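One structure below.
The values are calculated or read from the model by the stated rules, or taken from the named source; none is laboratory data. On a predicted model such as this, the values are computed, not experimentally measured, just so you know. Positions of Cβ are generated from backbone atoms using ideal geometry, with glycine treated the same way; all protein chains shown enter the neighbour counts. Calculation scope for accessible area: heavy atoms of the full protein, side chains included, ligands and nucleic acids excluded. Shrake-Rupley method; radii C 1.70, N 1.55, O 1.52, S 1.80 Å.
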Amino acid sequence: LLLGSLVLRPYVFLFLLVFLLAGVRDLGARRTALFLAWVWPLALLAELASTRIGIPFGLYHYTGATRGRELFLADVPFFDSLSFTFLAYASFSLARRVLLASSGRTRQPSGRATARVPASPVTVALLSGGLMMLLDVGIDPVAVRGDRWFLGRIFWYPDGGPYFGVPLSNFAGWWLVGTAGAGGYLWLA
C-alpha cells in the first residue's frame, strides 16, 4: 500500500524529497529528522481528531475511495498527514527569512546570516502558523473540489463552510497546527 501511495500521489513524495534535501542543507540531518518526527505525528493526531470530533480543523470525513490502493492510517490517507511536514517546513523557513529580513541583518556571500534571527521562538512559531494557514487558504478550496481534477474526491465537510465550502475552523486549525509544529520543533531542538 505504501508503493500504491507513491504511485497514486507522486507529487507528495516529490515535495517530501525536496523538504528533506532543503532541510538537511538548512538544519542538518538530525534536526530535519527531528522536524519530521515532531510535525508528522502532530499532523496525524490533528487529522484523526478532526475526522472524529471536529477539532482542530472542523469535522470532515475521507471518502475512502482509494482504500486498498494507498496506505491509510485508521481513516486518514498517509499522504495527507505527511504533506503537513513539508508545508510546515516551507512556512517555518519563510517565517525565519521574513524575520531575518525585517531585522536588517545582512547575509554573507555564502548565503549564511551574519547573526541569528533576533526574533523569539514564539514569534517564529506564530508567524509560521500564520503562513501555514495562508497556504491552506488556497489548498483546501481546491482539494475539497478534487473531483474536478486529478486529486479525486477524497474528503468532504458534512456542513460545508462559507469559504468555497470550507469552514473557517479549518483555517484556525491550520494556524494552530502550524504554530505547534514550528514551536514544538524549536523547543525540542
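Some points to look at:
- Cα shape, the stretch 1-97, gyration tensor, a/c 1.5 rule: oblate
- Per-selection metrics, the stretch 43-106 (Cα): Rg and Dmax in Å: 16.5, 52
- With the charge dipole of the chain set up from +1 on Lys and Arg Cβ and -1 on Asp and Glu Cβ about the Cα centre, the Cα lying farthest toward the positive end among the listed residues Leu2, Ala143, Leu27 is that of Leu27.
- Projecting the Cα atoms of Phe79, Leu188, Trp38 onto the charge dipole of the chain (Cβ charges, centred on the Cα centre) puts Leu188 farthest toward the positive pole.
- Amide H contacts of Leu59 (H built 1.01 Å from N, in plane; Pro and chain starts excluded): no residue 5 or more places away or on another chain comes under 5 Å.
- Rounded tilt (10° steps) of 29-53 against the dominant C-alpha axis of the chain: 30
- Net charge dipole size for the chain [Lys, Arg +1 and Asp, Glu -1 on Cβ; Debye, nearest 20]: 760
- Residue of Asp159, Asp75, Asp140 that the Gaussian network model of the chain assigns the largest fluctuation, springs spanning Cα pairs under 10 Å: Asp159
- Per residue solvent-accessible surface (Å²) - the chain, probe of 1.4 Å: 52
- Accessible carbon and sulfur surface of the chain relative to its total accessible area, %, 1.4 Å: 68
- Candidates Ile55, Ser128, Ser169 compared by Cα position along the dipole of the chain: farthest toward the positive end lies Ser128, with charges placed on Cβ.
- Once the Cα atoms are used to define both axes, helix 168-188 deviates from the longest principal axis of the chain by about 40 degrees.
- CD proxy at 222 nm, helix term only [per DSSP H run n ≥ 4: -39500 (n - 2.57); per residue of the chain; nearest 500]: -21500 deg cm²/dmol
- Nearest-ten-degree value, helix 121-143 long axis tilted from longest Cα axis of the chain: 30
- Relative contact order for the stretch 3-79: 33 percent, from Cα pairs under 8 Å spaced at least 6 residues apart, divided by residue count.
- Residue with peak Gaussian network fluctuation, the chain [Cα springs, cutoff 10 Å], from Leu99, Leu36, Leu87: Leu99
- The Cα-based radius of gyration and maximum Cα-Cα distance (Dmax) for the chain are 17.2, 53 Å.
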